[in-house]
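Peer 1: Below you will find the structure I want to go over with you.
Bear in mind these aren't lab numbers, they're just calculated from the coordinates by the rules spelled out. Small disclaimer: the values here were computed from a predicted structure and weren't measured. So basically every Cβ, Gly included, is an ideal-geometry build from the backbone, and we count neighbours across all protein chains shown.
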Amino acid sequence: MTDLSTFMKPVEMHGHSPGVALRSLVIGLTAFLTVVDLFATQAILPSLTRHYNVTPAAMGFAVNASTMGMAIAGLVVGFFSPHIDRRLGILVSLVLLAVPTTLLATAPDLTTFTVLRILQGLCMASAFALTLAYLGEQCSATDAGSAFAAYITGNVASNLIGRLISAAVADTLGLASNFYFFALLNLTGAVLVCFTIHRVQPMDAMPAVQSPLAAALEHWRNRQLRSAFAIGFCILFAFIGTFTFVNFVLVRPPLSLGMMDLGLVYLVFAPSIVTTLFAGRAVARLGTRPTIWTALAVAAVGLPLMLSANLMQVLLGMVLAGVGTFFAQACATGFVGRAASQNRGIASGTYLACYFLGGLAGSAVLGQLFDRFGWTACVAGVGASLAVAALLAKNLVLTTSSASPASG
């Protein structure tokens, strides 16, 4: 059995050794199988809208209701993280995830579908938060950036490959088969965890005199962490608004793409898989703030392109939005791991809760803008969210002893 923690010892992290590559592969694959259900369903949104005979906003909210479960689980797991065995928690979460995924195949109405998506979110976020805590504990301060970047890269890959798989399976075998297939992927993730992570004790267990609530409040009083939490909210708000409702633009005239073509469109995430890997290196060289500002600017440049009636311009806009938001997410996630000198599990859980609440808010607010005022208003809302994130980024300066020279 291979212990993932053996890939994280500082002695193995220098250069480009096979051990480093294997470590990154395992981390990325774990992330992929953990959150592959989150956005894959967006590739079949138009088909689900027709199946349940509802509006795009209603179906978009139901599909993205998983972010509500993820926000709740992020907080709960964060609070109890110091007392949860990492390996067992991740393993149980992924096994349980297969249950609501399977039941989605036969969901009789939109309400049931929404509840099952929330349950999926609870399971995904539990595994996600515990894995982030595990990485923060097992990686040295020097290597944490690349480890988190590898994990976010796996997240990016799940956005691309998950959508392609979902579109292909649904187009070939039907909507129900799509959910059965993803349940198998959930169980595959559990098997991977079983063979790559050994049982380790949480390294930052809180003192008995400090309650989880007190630790969370301490994080919220930290301006740097508070800003990072808010940036996470804005990033997924913008991402959800872009990549949920652009699906309806792509299938309508003048673009008029079919289901399989819609799945192939998400090859736009391919560049993000490569670029996100360099987030840790960019932060080390340039600092957190300049890197996030650059990433957000790249995403913003893509927004007007997505208003075009030309497919290639829309696709280029999607590429830029994906590259920018994922790069910014990797930077913000890594910053939280460095800024929280204690109780990292609670800090990671709080960040994830804010991040996924942003997704839920983006689905609700931008869905209404899309239904009432159209795609242009939706894109304007996305731009506003990116602008707020850029303003918040000015506060991302580490002032503790954990700060690196390029942390600002």
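Peer 1: Using only the C-alpha atoms of the range 15-103, find the volume of their convex hull and express it per residue in Å³.
Peer 2: Numbers: hull volume 13.0 nm³, N = 89.
Once divided by residue count, the hull of the range 15-103 is 146 Å³.
Peer 1: Hey, what does the equivalent ellipsoid look like for the range 282-408, semi-axes from the Cα gyration tensor as sqrt of 5 times each eigenvalue, largest first, whole Å? Mind dumping the intermediate values first?
Peer 2: On the way: eigenvalues 181, 61, 22 Å².
Equivalent ellipsoid of the range 282-408: 30, 18, 10 Å, largest first.
Peer 1: Quantify how much of the Cα-Cα distance distribution of the range 57-191 extends past 25 Å, in percent.
Peer 2: 28
Peer 1: In whole angstrom, and with the biggest value first, how far do the Cα coordinates of the range 234-284 range along each principal axis?
Peer 2: Result for the range 234-284: principal-axis Cα extents of 45, 23, 14 Å.
Peer 1: In addition: Residue by residue through the range 47-53, which ³J(HN,Hα) values in whole Hz follow from phi under the Karplus form 6.51 cos²θ - 1.76 cosθ + 1.60 (θ = phi - 60°), with glycine and proline marked x?
Peer 2: Result, ordered by residue: 5, 5, 4, 5, 4, 9, 6 Hz.
Peer 1: Kindly express, to the nearest 10 degrees and within the range 0 to 90, the angle between helix 212-221's C-alpha long axis and the longest C-alpha principal axis of the chain.
Peer 2: Roughly 80 degrees, rounded to the nearest 10.
Peer 1: Hey, another quick one. State the dimensionless ratio Rg/Rh of the range 228-340 (Rg: radius of gyration of Cα atoms; Rh: Kirkwood radius).
Peer 2: Using Cα coordinates only, the ratio equals 1.03.
Peer 1: Let me ask something else about it. Any chance you could run the full-extension gain for GLN313 through THR112? It's 0.36 nm times the residue separation minus the Cα-Cα distance, nm to one decimal.
Peer 2: 68.6 nm is the gain from fully extending GLN313 to THR112.
Peer 1: Summing +1 for each Lys or Arg and -1 for each Asp or Glu, what net charge is found among the other residues whose Cβ lies under 15 Å from the Cβ of ALA282? Spell out each step's value before the answer.
Peer 2: Values: positive: ARG281, ARG285, ARG289, ARG338; negative: none.
With Lys, Arg at +1 and Asp, Glu at -1, the net is +4.
Peer 1: Suppose we keep just the alpha-carbon trace of the range 311-383; what are its Rg and Dmax in angstrom?
Peer 2: 15.7, 48
Peer 1: A follow-up question, please. How far apart, in nm, are two points set 7 Å out from the Cα along the Cα-to-Cβ line at VAL191 and at ALA377?
Peer 2: Distance between label points: 4.9 nm.
Peer 1: Further question: Counting pairs of alpha carbon atoms under 8 Å apart in space and at least six apart in sequence, what relative contact order in percent does the range 255-408 give?
Peer 2: 30
Peer 1: Now, a different point. Please state the relative contact order of the chain as a whole percent: Cα pairs under 8 Å, 6+ residues apart? List each step's numbers first, then the result.
Peer 2: Values: 765 pairs, mean separation 108.7, N = 408.
Dividing the mean separation by the residue count of the chain yields 27 percent.
Peer 1: Could I ask something else about it? State the dimensionless ratio Rg/Rh of the range 274-356 (Rg: radius of gyration of Cα atoms; Rh: Kirkwood radius).
Peer 2: Checking Rg against Rh, the ratio lands at 1.08.
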